[in-house]
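Here is the structure we will look at, set down as structure tokens.
The values are calculated or read from the model by the stated rules, or taken from the named source; none is laboratory data. None of the values given here were measured: they were computed from a predicted structure. Reconstructed Cβ throughout: ideal geometry from the backbone, glycine too, with neighbour counts over all protein chains shown. Side chains are part of the model used for accessible areas, which takes the heavy atoms of the whole protein and leaves out ligands, DNA and RNA. Shrake-Rupley method; radii C 1.70, N 1.55, O 1.52, S 1.80 Å.
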Amino acid sequence: MSEESYIRTGLANLMKGVGGKLYLTSTELIHKSHAINVQRGTVTLDLADIETVERVRNKLLGVPLLKNGLKITTNDGEELRYVVNKASQRGEDIEQAINKEKPNVL
């Protein structure tokens, strides 16, 4: 996929300790790990499979810190957590893309 087809890109850590970038397209949310990670790979979610997007506080030693996290819950109950910059904006962008992907059915 070319850079022009991304709605938004930015640094993001998948809460399994995997640094990388989060890419939002009109149909998918993709996390690609950095080449320097021990854990490498790509996690791809179809927007149609995302149930909820929540902004969350990340914790350090059990203490809630900055509200710089996103929790993505899939239709089958899987939860993925990311640390991102501008969490509010990133969450809104994902929700808008989901709403375009899943039109309301009356």
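Scanning the stretch 72-89 for residues that are open to solvent by 20 Å² or more (accessible area, probe 1.4 Å) and farther than 10 Å from residue 54 by Cα yields 75, 76, 77, 78, 79, 83, 85, 86, 89. Go through (1) over 17 Å from residue 93 (Cα atoms); (2) at pLDDT 80 or above; (3) not in a strand (DSSP E or B) for residue 48 and report which single condition fails. All conditions are met except number (1). Sub-8 Å Cβ pairs linking a first residue in the stretch 21-33 that is free of Cβ contacts under 8 Å to residues at least 24 places away in the same chain and crowded, with 17+ Cβ neighbours inside 10 Å to a second residue that is of a type in the set (Ser, Thr, Tyr) and part of a strand (DSSP E or B), at least 6 apart or interchain, are 23/9; 28/44; 30/23; 30/42; 30/44; 32/23; 32/42; 33/42, ordered by first then second residue. Which residue is most open to solvent (accessible area, probe 1.4 Å), if the candidates are limited to the stretch 56-70 and must be in a strand (DSSP E or B) and free of Cβ contacts under 8 Å to residues at least 12 places away in the same chain? This residue is 59.
For residue 33, the criteria (1) within 16 Å of residue 85 (Cα to Cα); (2) at pLDDT 80 or above hold in every case but one, which is (1).
Within the stretch 77-89, is even one residue modelled with pLDDT of 85 or more and over 18 Å from residue 24 (Cα atoms)? There is at least one residue in the stretch 77-89 that is modelled with pLDDT of 85 or more and over 18 Å from residue 24 (Cα atoms).
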